[in-house]
Amino acid sequence: MEEGEYRLMADVEDRHWWYDAVRRLLRRLLSEELSGSESKPRILDAGCGTGATGGWLDERGHVIALDSSAMALKLYGENHPEATLLEGSVESIALPDASVDLVVCVTVLYHANVTNPSTAIAEFVRVLRPGGLLCLVEPGMKGMRRGHDEVTHGARRFSLNELRELVSAGGLEVEKATGAFSFLVPLAWVRSKLPLANKTSDLSNNASGLFGLLGALARVETRFVARRSIPFGLSVLVLGRKPH
Ligand SMILES: C[S@@+](CC[C@H](N)C(=O)[O-])C[C@H]1O[C@@H](n2cnc3c(N)ncnc32)[C@H](O)[C@@H]1O
């Protein structure tokens, strides 16, 4: 990613509506997982960036924050000092087999620095203990590449089926596969029609999310997604469990 994008992520993580919405979605979908055991879970925030979506997990467990960017890790450490920082690739993780209870990976496999998403999934499966959970969130709607994908060096977007298949081909049992941020699809469709030369990050504007409207829609959708699944969304989310 471009260096300025890391600083932007760290600057806006507390006040940008999208980050707030993703954290709410994760809190909701992972609440049972995080409250189930007596001891604190070991959590891998894979491709952690500056901690905008996963930094809160340090309230709930021991977080290992993994990223290939030293700058992202420096900013992560400043904002979330409890985490253990680990520089490296999601495609070759310097952790022992079966050493974590939960892997959270938010908007990483789409990145041009990930050569093969299946390799990363195989690594997540290797480091998960039997019975552990993988939570993946990636950009959805394959045809909707826009300026934001350029700034963040996005190489691919995923259909919901594709992400589900990747997880199940890696040997995990898919417990949930759903779209998220479905209400953003029309807006993103319009933006995807603008020339890609129009390279702007989604983070550089509209932090309030149309004065709170997008955050309110996300809260309604999150309540729905906690119980049911949506077949499409600007993001796609899959939960996969490693068999015992
Ligand atoms: C869009 S950011 C998402 C950061 C964080 N997960 C979040 O949701 O805020 C993508 C992150 O993936 C990291 N990344 C890209 N390729 C990677 C790789 N092969 N291994 C580890 N991290 C990678 C980038 O450095 C960046 O921090």
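Brief remarks on what is shown
- Residue within region 66-82 that is at pLDDT 95 or above, more than 19 Å from Val236 (Cα to Cα) and part of a strand (DSSP E or B) present: yes
- Subset of region 34-44 (residues that are buried (at least 22 other Cβ atoms within 10 Å of the Cβ) and either over 13 Å from the mean Cα position of the chain (by Cα) or near the ligand (Cβ under 7 Å from one of its atoms) (or both)): Ile43
- Yes/no for Arg24 being in a loop (DSSP other than H, G, I, E, B) and of a type in the set (Lys, Arg): no
A quick yes/no check of all residues on (1) over 20 Å from Ala65 (Cα atoms); (2) crowded, with 16+ Cβ neighbours inside 10 Å; (3) of a type in the set (Phe, Trp, Tyr):
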site: Val108; (1), (2), (3): no, yes, no
site: Ala120; (1), (2), (3): no, yes, no
site: Phe124; (1), (2), (3): no, yes, yes
site: Pro130; (1), (2), (3): yes, no, no
site: Leu133; (1), (2), (3): no, yes, no
site: Pro139; (1), (2), (3): yes, yes, no
site: Asp149; (1), (2), (3): yes, yes, no
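- On the stretch given as region 48-61, residues that are surrounded by 24 or more Cβ atoms within 10 Å (Cβ to Cβ) and part of a loop (DSSP other than H, G, I, E, B) total 7.
- Region 64-96 - residue that is farther than 16 Å from Met1 by Cβ, surrounded by fewer than 15 Cβ atoms within 10 Å (Cβ to Cβ) and of a type in the set (Asp, Glu) and, of those, nearest to the ligand (Cβ to nearest atom): Glu78
- Helices (runs of 4 or more DSSP H) (entirely within region 113-187) containing at least 1 residues that are within 12 Å of the ligand (Cβ to nearest atom) and closer than 23 Å to Arg23 by Cβ: 117-127, 147-151
- The set of residues from region 162-193 being closer than 24 Å to Gly215 by Cα and open to solvent by less than 10 Å² (accessible area, probe 1.4 Å) comprises Thr178, Gly179, Ala180, Phe181, Ala188.
- Odd one out for Ala98 among (1) of a type in the set (Gly, Ala, Ser); (2) assigned to a strand (DSSP E or B); (3) at positive phi: (2)
- Within region 1-21, tally of residues that are away from the ligand (no atom under 12 Å from the Cβ) and under 16 Å from Asp149 (Cα atoms): 1
- Residue match in region 205-226 (condition: at pLDDT 95 or above, aromatic (Phe, Trp, Tyr) and open to solvent by 50 Å² or more (accessible area, probe 1.4 Å)): yes
- Selection count, region 122-133, where residues are touching a strand residue (DSSP E or B) at 6+ places or on another chain (Cβ under 8 Å) and under 17 Å from Glu162 (Cβ atoms): 1
The values are calculated or read from the model by the stated rules, or taken from the named source; none is laboratory data. What you are looking at is a predicted structure, and each value in this text was computed from that prediction instead of being measured. Because the Cβ atoms are built from the backbone with ideal geometry, glycine has one as well, and the counts that use them run over all protein chains shown. To get the accessible areas, we keep the full protein, side chains included, count just its heavy atoms, and leave off ligands, DNA and RNA. Shrake-Rupley method; radii C 1.70, N 1.55, O 1.52, S 1.80 Å.
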